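**Q** After the structure tokens below, expect a handful of questions from me.
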């Protein structure tokens, strides 16, 4: 039985921790950014791994639930617990140090509360790249990014958060510390607990630090927008780019005109890449080794693709400022989406070759349900689309409240029917627990429940996230 | 309590499976290749995933242990169980199909018994590369390669077996089937059971099929031998190569003269790359995108390295035949080692920058123990060395039997002291269970035992491997 983090419990905890560990429960900790989730809790921000263990041991003894809290940028309610006993909200905000950088080994060790942008800068300071990159990088913390196995724009080349982590330090549900901050590239001594903890969304242990993989800075970087006649053509263009540049393709983002229309309608201001915005376009980022000019490579790609009828127009960024401007178009779409207010947003993935079918069938299925504007964009190279459904102009998301569930079910059923996932990079959190039960393999779910029961028998850690509590 | 796969049990099993599923218990199944492990068991070779589940359910009901068996090429005794009840040896040898190839998606789905070389060929047939490559590729089966998270020569660029797997089909310890043959690049719906099963050496479930990641064939491939003055210089050369060619470096193997001396002494015959064999050399393999000539890139690297004093000599392969001849030198060293007969072999990894210190201190520590020949070679780019200790000429490994344990302890203690691993790519099997207990993090071990108890409460699956039974 779980119990409230009540005054008596907090008094006992105060006796064990420095005063600086206690925080007021402001909105930041209990209200999700878009206002869709509301929680409760007593905020504790330990200053060290040992202090995290102290908190967990106290919670385990008392049966108080623990909700780990990073930057609070999660999109599926994983960081917000509103419908059970009052939890300890365990914020990693005071553990922000980059502990060590091993530049020659391409390794950086950071505490869980380090903000992604700060880690990127620490890597840059030794002429390396930490490739994890996403819209919330200015506030997302590495512990949360690992707990949710975050994706972003560079997954195609460098993999998701899981692929960028060599080792972890973790506090277990009974308050022991696993010292697993390995700098090794290869280590086959026992079960892969690192990858089990990564993506477990704080339900199996508390990540307190991570050993991260850096990569050399690409010698030449280049960016282009290309207009494509269809998603099929975009896929063929991706294959052609892969044949020509192999791992040199860092990002390959599909963007529908709707995204640029939203930007024009509600901002933020961006410079549209084409005089006349095509229906579909891709944003391609390349990082090439010494000896290859990125402009030449992008031009060669464009010419070959034009000959094959895969592109109808293209612009190559001619300066770093123009590269940034191209990327701003892509990166500001989520802000425009937020301003419009979606009926329902989806973070699906399907096998690469099923992407065009997903888009065609999705549009048709939704047309039968109502009159929407669909903003489909995302990481085409990963088969990962943000397929977001919006009201027609002049109407609001609330006008569609009665069909929101039907929209979501249509989109998720379709992704599932095509062998896809209903959460490609955002995780399960509390939003998609029912989806996991509906679409997940029953044996997989049974194994997950066994593992949860084995590693957290009291069910203390982030109850109700990923698995029903 | 586990019990023997006795005649009565096998009779019951025969009633449930086609006659073709039963095999004579020949040496192949119960004697390790080098003769170091001897086991027992009744060999059952199911023809389908359903039949695997039937076998496991029968074993679970009777309490009969199960030893999964792939190609039998493991080096740590994981496939041989000799000191408990007579097990079912569950051979995947009849499940060898490549089920499907999705060339445009770079995905191939194979059954667990498919031999690595056959998978490589199936990939080549659609102009793709399956990059897992190691000495035993002609007989190792993909199920075993995944169960042990095999490494090999291309890990630097493409990762180990884990990194090349998108999804699994697994039979659990109670005979259920997890259908996880995903073709998705991104899927954040729940715990990472795939990576938990990979590397668990058959102790958590039976892998029956896998969804594998293919990559485009590199446009240009090139190979060079370079003589380096020291392991430190080799590391600096690796860094220089990474800066110039990024992911273009497919393999970067360190080789000591001792390996070539052994080849000259006992064969197999190879063509030595240098007229006078240097003490240390590296074998570099590159695969570059369109527009870059591999010879030019290797020459540029050599010239820069020569100027910096990092290389003293070099030869670039000028034909495919010469490339093969260069690689033959590397790939035949294990056979020469086997002919010489090691006192003790080690598969260690250390943080990259600690490699030179490991070699210096290892040589010194062993010199205090006795008079050896040390053949140190391996995957420098991964910090993974095969640091193998041999008798002086004219003596045999048996002459050193009384100090074998001391040699092993010295080498493993040193790897551990430098933050390394005592099993970089071969796994734990039964050989290194004690090492894991000695060097492993206690919290990690406790978590592993909890997971084992949760997923295989009877302890049926490969008992005594990885964890003491």
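The values are calculated or read from the model by the stated rules, or taken from the named source; none is laboratory data. This one's a predicted model, so the numbers in the text were calculated from it and none came from an experiment. Cβ placement follows ideal geometry from the backbone for every residue including glycine, while neighbour counts extend to all protein chains displayed.
**Q** Every residue in the stretch A:441-469 that is part of a loop (DSSP other than H, G, I, E, B), buried (at least 21 other Cβ atoms within 10 Å of the Cβ) and at the interface with another protein chain (Cβ under 7 Å from one of its Cβ atoms), please.
**A** Result: A:466, single match.
**Q** Please specify each residue of the stretch A:237-260 satisfying the condition of being assigned to a helix (DSSP H, G or I), at pLDDT 95 or above and out of contact with any helix residue (DSSP H, G or I) (no Cβ under 8 Å at 6 or more places or on another chain).
**A** Answer for the stretch A:237-260, where residues must be assigned to a helix (DSSP H, G or I), at pLDDT 95 or above and out of contact with any helix residue (DSSP H, G or I) (no Cβ under 8 Å at 6 or more places or on another chain): A:257, A:258.
**Q** Go through (1) at pLDDT 95 or above; (2) within 14 Å of another protein chain (Cβ to nearest Cβ); (3) surrounded by 21 or more Cβ atoms within 10 Å (Cβ to Cβ) and name the single condition residue A:297 misses.
**A** The failed condition is (1).
**Q** Moving on to the next point. Can you name every residue in the stretch B:100-114 that is within 14 Å of chain A (Cβ to nearest Cβ) and at negative phi?
**A** B:100, B:101, B:102, B:103, B:104, B:105, B:107, B:108, B:109
**Q** So which strands (runs of 3 or more DSSP E) stay within the stretch B:317-416 end to end and still have 1 or more residues that are surrounded by 15 or more Cβ atoms within 10 Å (Cβ to Cβ), free of Cβ contacts under 8 Å to residues at least 60 places away in the same chain and in contact with a strand residue (DSSP E or B) (Cβ under 6 Å, 6 or more places away or on another chain)?
**A** Output list reads B:372-379, B:384-391.
**Q** Here's a follow-up. Of the numbered conditions (1) surrounded by fewer than 22 Cβ atoms within 10 Å (Cβ to Cβ); (2) modelled with pLDDT of 95 or more; (3) at negative phi, residue B:219 satisfies every one except a single condition; which is it?
**A** (2)
**Q** Select from the stretch B:426-438 the residues that are free of Cβ contacts under 8 Å to residues at least 40 places away in the same chain, more than 7 Å from chain A (Cβ to nearest Cβ) and surrounded by 18 or more Cβ atoms within 10 Å (Cβ to Cβ) and list them in ascending order.
**A** Of everything in the stretch B:426-438, those that are free of Cβ contacts under 8 Å to residues at least 40 places away in the same chain, more than 7 Å from chain A (Cβ to nearest Cβ) and surrounded by 18 or more Cβ atoms within 10 Å (Cβ to Cβ) turn out to be B:433, B:435.
**Q** Also, I was wondering about something else. Out of B:92, B:75, I need the residue that is crowded, with 21+ Cβ neighbours inside 10 Å and at pLDDT below 95. Which one?
**A** B:75
**Q** Okay, next question. Would you pick out the residues in the stretch B:5-18 that are more than 14 Å from residue B:54 (Cβ to Cβ) and in a helix (DSSP H, G or I)?
**A** B:7, B:8, B:11
**Q** Something else: Tell me whether the stretch B:239-252 contains one or more residues that are away from chain A (no Cβ under 13 Å) and either in contact (Cβ under 8 Å) with a residue 24 or more places away in the chain or out of contact with any strand residue (DSSP E or B) (no Cβ under 7 Å at 6 or more places or on another chain) (or both).
**A** Yes, there is a match, as at least one residue in the stretch B:239-252 is away from chain A (no Cβ under 13 Å) and either in contact (Cβ under 8 Å) with a residue 24 or more places away in the chain or out of contact with any strand residue (DSSP E or B) (no Cβ under 7 Å at 6 or more places or on another chain) (or both).
**Q** Residue A:67 fails exactly one of the following numbered conditions: (1) over 25 Å from residue A:179 (Cα atoms); (2) buried (at least 19 other Cβ atoms within 10 Å of the Cβ). What is the number of that condition?
**A** Going through the list (1) over 25 Å from residue A:179 (Cα atoms); (2) buried (at least 19 other Cβ atoms within 10 Å of the Cβ), residue A:67 breaks only (1).
**Q** For the structure I just gave you, tell me whether residue B:444 is at pLDDT 95 or above, under 24 Å from residue B:160 (Cα atoms) and touching a helix residue (DSSP H, G or I) at 6+ places or on another chain (Cβ under 9 Å).
**A** yes
**Q** Let me ask you something else. Answer yes or no: is there a residue in the stretch A:27-44 that is part of a helix (DSSP H, G or I), touching a helix residue (DSSP H, G or I) at 6+ places or on another chain (Cβ under 6 Å), more than 14 Å from chain B (Cβ to nearest Cβ) and crowded, with 21+ Cβ neighbours inside 10 Å.
**A** Within the stretch A:27-44, none of the residues are part of a helix (DSSP H, G or I), touching a helix residue (DSSP H, G or I) at 6+ places or on another chain (Cβ under 6 Å), more than 14 Å from chain B (Cβ to nearest Cβ) and crowded, with 21+ Cβ neighbours inside 10 Å.
**Q** Residue by residue through the stretch A:261-297, note down the ones that are more than 29 Å from residue A:374 (Cβ to Cβ) and part of a helix (DSSP H, G or I).
**A** A:294, A:295, A:296, A:297, listed by residue number.
**Q** Residues in the stretch B:180-216 that are more than 11 Å from chain A (Cβ to nearest Cβ) and at positive phi: how many?
**A** 1
**Q** Which condition from (1) more than 9 Å from chain A (Cβ to nearest Cβ); (2) in contact with a helix residue (DSSP H, G or I) (Cβ under 9 Å, 6 or more places away or on another chain); (3) more than 26 Å from residue A:145 (Cβ to Cβ) is the one that residue B:229 breaks?
**A** Among (1) more than 9 Å from chain A (Cβ to nearest Cβ); (2) in contact with a helix residue (DSSP H, G or I) (Cβ under 9 Å, 6 or more places away or on another chain); (3) more than 26 Å from residue A:145 (Cβ to Cβ), the lone unmet condition for residue B:229 is (2).
Yes/no per residue for (1) crowded, with 23+ Cβ neighbours inside 10 Å; (2) within 15 Å of the chain's Cα centre (by Cα); (3) closer than 30 Å to residue B:380 by Cα:
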{"position": "A:142", "(1), (2), (3)": "yes, yes, yes"}
{"position": "A:158", "(1), (2), (3)": "no, yes, yes"}
{"position": "A:179", "(1), (2), (3)": "no, no, yes"}
{"position": "A:193", "(1), (2), (3)": "yes, no, yes"}
{"position": "A:197", "(1), (2), (3)": "yes, no, yes"}
{"position": "A:212", "(1), (2), (3)": "yes, no, yes"}
